[in-house]
């Protein structure tokens, strides 16, 4: 599928994500420019692709709660879902939260700038 074959129905730039995913698969994020944090669920493959802009302007966090995956631009969004924050002392002491996908809280990960994560369903 070529992008010019897609029928766009809005004036939103986020409408580009789906045709890019259909054309390039998980490499769709390398075709996006500017600042973004986005996810695409592929129901056919039962796969979730989560991506973040190259400069890391838009934050993107994820966690698993009760066997489900939750994604948010701020960790405090998980509070309403029953998440109870616990400090990740090892990550804080080693300053790992500054350079890898760990955060200062246990069980919460971030997508690094310019990277993506794939989560596949067990079902």
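The values are calculated or read from the model by the stated rules, or taken from the named source; none is laboratory data. Worth saying up front: this structure is predicted, and the values here are computed from it rather than measured. Please note: Cβ atoms are built from the backbone with ideal geometry, for glycine as well, and neighbour counts cover all protein chains shown.
Cβ-Cβ distance below 8 Å, separation of 6 or more or different chains: which pairs start in the range 65-88 with a residue that is more than 18 Å from residue 102 (Cβ to Cβ) and end on one that is at pLDDT 95 or above and outside any strand (DSSP E or B)? Qualifying pairs under 8 Å: 79/85. Can you tell me which residue in the range 19-36 is surrounded by the most Cβ atoms within 10 Å (Cβ to Cβ), limited to those that are at pLDDT below 90 and in contact with a strand residue (DSSP E or B) (Cβ under 7 Å, 6 or more places away or on another chain)? Residue satisfying both the conditions and the ranking: 29.
Taking the criterion of being surrounded by 18 or more Cβ atoms within 10 Å (Cβ to Cβ), in contact with a helix residue (DSSP H, G or I) (Cβ under 8 Å, 6 or more places away or on another chain) and without any contact (Cβ under 8 Å) to a residue 60 or more places away in the chain, the residues of the range 37-60 that qualify are 38, 40. The residues in the range 97-123 that are in a loop (DSSP other than H, G, I, E, B), surrounded by 15 or more Cβ atoms within 10 Å (Cβ to Cβ), in contact (Cβ under 8 Å) with a residue 24 or more places away in the chain and within 12 Å of the chain's Cα centre (by Cα) can be counted, and the count is 2.
Every residue, every condition in (1) modelled with pLDDT of 95 or more; (2) touching a strand residue (DSSP E or B) at 6+ places or on another chain (Cβ under 9 Å); (3) under 19 Å from residue 50 (Cβ atoms), yes or no:
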site: 75; (1), (2), (3): yes, yes, yes
site: 82; (1), (2), (3): no, yes, no
site: 88; (1), (2), (3): yes, yes, no
site: 96; (1), (2), (3): no, yes, no
